[in-house]
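Step one of this worksheet: look at the structure below.
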Amino acid sequence: MAAPNLRILLVENQGELRRTFVAMLKRMGAAAVNNAPCGEEALKTISQTPVDFIISEWNLPEMSGMDLLRKVRKNPITSGIPFIMLSNQGQLSEDEIAESLDYDIDGHLHKPLNYKDLESQVEGILEKRADFMETSVRLARAAAFTDIGAAKEAEIASAQEAKPKSSRVWFESGQLFEALGNDTKAKKSYVQATAVDEGCAKAYERMSNILNKEGKPDEAFKLLQKAVKLSPRNRDRQMEMTRHLLDTGNEDAARISLHKALEYETDPAARSAAAAEFFMEFGRADLAEAEYAFALEADPENVHYFNRLGLAFRHQKKFRETIENYRKASAIAPDDAVIFNNMAIALAESGDFIQAIGSLRRALVLQPRFPQAEQALRNPQVKAGQVPA
């Protein structure tokens with residue numbers, strides 16, 4: 001009996017398979033087997049019902065199994081739940097498997113699934129977890145003392161001594177030393193994590209962060225590159241790589257890295273728009289402009305993209321392009337008051353206050369209660385043509 005008293009959550013979108021797997025898990029002795037057809041339902045179940053173990057299909061609708069794993073691991077309440085991923089033989093690439101390891105996947109199972117494989121996998125994970133329990137408690141105790149400002153480095157040391165061949169112990173030790181402000185010991189712990197497991201991408205990433213703080217950007221970048229090479233599908237890491245590349249002026253490589261981070265977005269227009277938003281937040285309206293233009297090529301009637309492209313133009317003081325952009329948007333959505341308000345701002349910034357007032361009035365005709373337009377129109381300086389809106 002591999003799963004005595006376990007409360008298991010099965011996430012599988014195919015109804016017949018779901019029923020088969022539920023029967024297997026009950027046969028294994030699980031105390032309760034909840035099931036969900038998609039990631040959103042799974043998260044809802046986790047928030048409402050105690051769950052000791054999760055088994056999830058990789059290829060789920062809307063939210064993938066990887067997305068679900070990421071959300072489970074990033075939530076402190078659910079981060080420690082064992083997680084097995086189901087997939088067809090050969091379905092996952094090496095990069096996808098590496099990404100799942102980044103988020104401490106406990107195991108993979110291939111379909112068609114038989115009872116013996118399922119039982120063996122669950123049993124092995126439970127035994128491994130039980131063997132690690134005492135060490136895990138020590139690390140948790142050290143983390144608790146760190147949170148209240150009462151450092152207990154002895155607990156960290158005892159965990160390292162108990163499991164010196166565990167990259168997880170060394171990595172979590174490094175995180176705790178960082179929290180204590182001891183970057184020297186943190187870096188040593190991360191180095192040890194990579195010595196135990198050369199594929200521990202997240203340890204290279206954390207070392208890179210420390211080196212950046214030490215004012216060693218070149219060394220930091222090399223380690224970040226190594227982490228990205230080991231696990232290129234990790235979104236957060238690709239985003240960090242993009243920032244580094246932008247800081248060093250390598251814009252083409254930055255675009256490539258950013259689009260890799262956004263591969264999960266299958267719609268080309270939405271992917272370009274997401275890239276544009278990143279560039280806007282980074283203060284690169286020029287790069288955002290190009291991405292919004294790509295988004296509009298793929299989705300030429302998306303008024304939101306027009307509005308954001310207009311903002312990118314304004315940040316660069318390209319007022320003629322801004323106004324022309326809003327005029328195109330108003331032809332697509334002539335009843336959208338926001339477009340006319342935004343156009344008024346661009347007209348005022350360009351010095352054309354008469355047309356700006358006209359555009360504000362148009363916005364208020366379309367939406368009588370429009371606070372921004374009302375406030376701008378009441379401004380006596382704007383009426384006098386003295387300052388931009």
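The values are calculated or read from the model by the stated rules, or taken from the named source; none is laboratory data. Remember, predicted model here, so these are calculated numbers, not experimental data. So basically every Cβ, Gly included, is an ideal-geometry build from the backbone, and we count neighbours across all protein chains shown.
Odds and ends about this structure:
- Residue within the range 182-202 that is of a type in the set (D, E, K, R), under 23 Å from GLU99 (Cβ atoms), under 25 Å from the mean Cα position of the chain (by Cα) and buried (at least 20 other Cβ atoms within 10 Å of the Cβ) present: yes
- Residues in the range 1-33 that are within 27 Å of the chain's Cα centre (by Cα) and either at pLDDT 95 or above or buried (at least 20 other Cβ atoms within 10 Å of the Cβ) (or both): 5 in all.
- Matching strands (runs of 3 or more DSSP E) fully within the range 36-127 where at least 1 residues are of a type in the set (Asp, Glu) and at pLDDT below 90: none
- Some residue of the range 298-306 being assigned to a helix (DSSP H, G or I), over 25 Å from the mean Cα position of the chain (by Cα) and not assigned by TED's automatic domain parsing to the domain that holds GLN367: yes
- Test: LYS213 is over 18 Å from ASP247 (Cβ atoms), of a type outside the set (Ser, Thr, Tyr) and more than 19 Å from the chain's Cα centre (by Cα): no
- Close pairs from the range 213-235: first within 16 Å of ILE256 (Cα to Cα), partner of a type in the set (A, V, I, L, M, F, W, C) and surrounded by fewer than 19 Cβ atoms within 10 Å (Cβ to Cβ), Cβ under 6 Å, at least 6 apart: SER231/ALA98
Listed here are the residues, each with its yes/no results for (1) out of contact with any Lys or Arg (no Cβ under 8 Å at 6 or more places or on another chain); (2) among the basic types (Lys, Arg); (3) surrounded by 17 or more Cβ atoms within 10 Å (Cβ to Cβ); (4) more than 20 Å from LEU262 (Cβ to Cβ).
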| site | (1), (2), (3), (4) |
| --- | --- |
| PHE53 | no, no, yes, yes |
| SER56 | yes, no, yes, yes |
| LEU69 | yes, no, yes, no |
| LYS74 | yes, yes, no, no |
| ASN88 | no, no, no, yes |
| GLN91 | yes, no, no, yes |
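- Hits in the range 268-292 - residues which are of a type in the set (Asp, Glu), surrounded by fewer than 21 Cβ atoms within 10 Å (Cβ to Cβ) and either in contact (Cβ under 8 Å) with a residue 24 or more places away in the chain or touching a Phe, Trp or Tyr at 6+ places or on another chain (Cβ under 8 Å) (or both): GLU277, ASP286
- Pairs with Cβ under 9 Å, 6+ apart, first in the range 194-206 and in the same structural domain as ASP104 (by TED's automatic domain parsing), second of a type outside the set (Val, Ile, Thr) and in a helix (DSSP H, G or I): none
Here is a yes/no grid of residues against (1) under 30 Å from the mean Cα position of the chain (by Cα); (2) on the phi > 0 side of the Ramachandran plot; (3) not assigned by TED's automatic domain parsing to the domain that holds ILE54:
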residue	(1), (2), (3)
LEU101	yes, no, no
ASP104	yes, yes, no
HIS108	yes, no, no
VAL122	yes, no, yes
GLU127	no, no, yes
THR135	yes, no, yes
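- A search for C-beta distances below 6 Å between a residue of the range 158-179 that is within 14 Å of ARG138 (Cα to Cα) and any residue that is outside any helix (DSSP H, G or I) and not aliphatic (A, V, I, L, M), counting only pairs 6+ apart in sequence or on different chains, returns VAL169/LYS163.
- Some residue of the range 229-236 being crowded, with 20+ Cβ neighbours inside 10 Å, on the phi < 0 side of the Ramachandran plot and touching a Leu at 6+ places or on another chain (Cβ under 8 Å): yes
- Among the residues of the range 277-297, those identified as of a type in the set (A, V, I, L, M) and more than 15 Å from ALA329 (Cα to Cα) are MET280, ALA285, LEU287, ALA288, ALA290.
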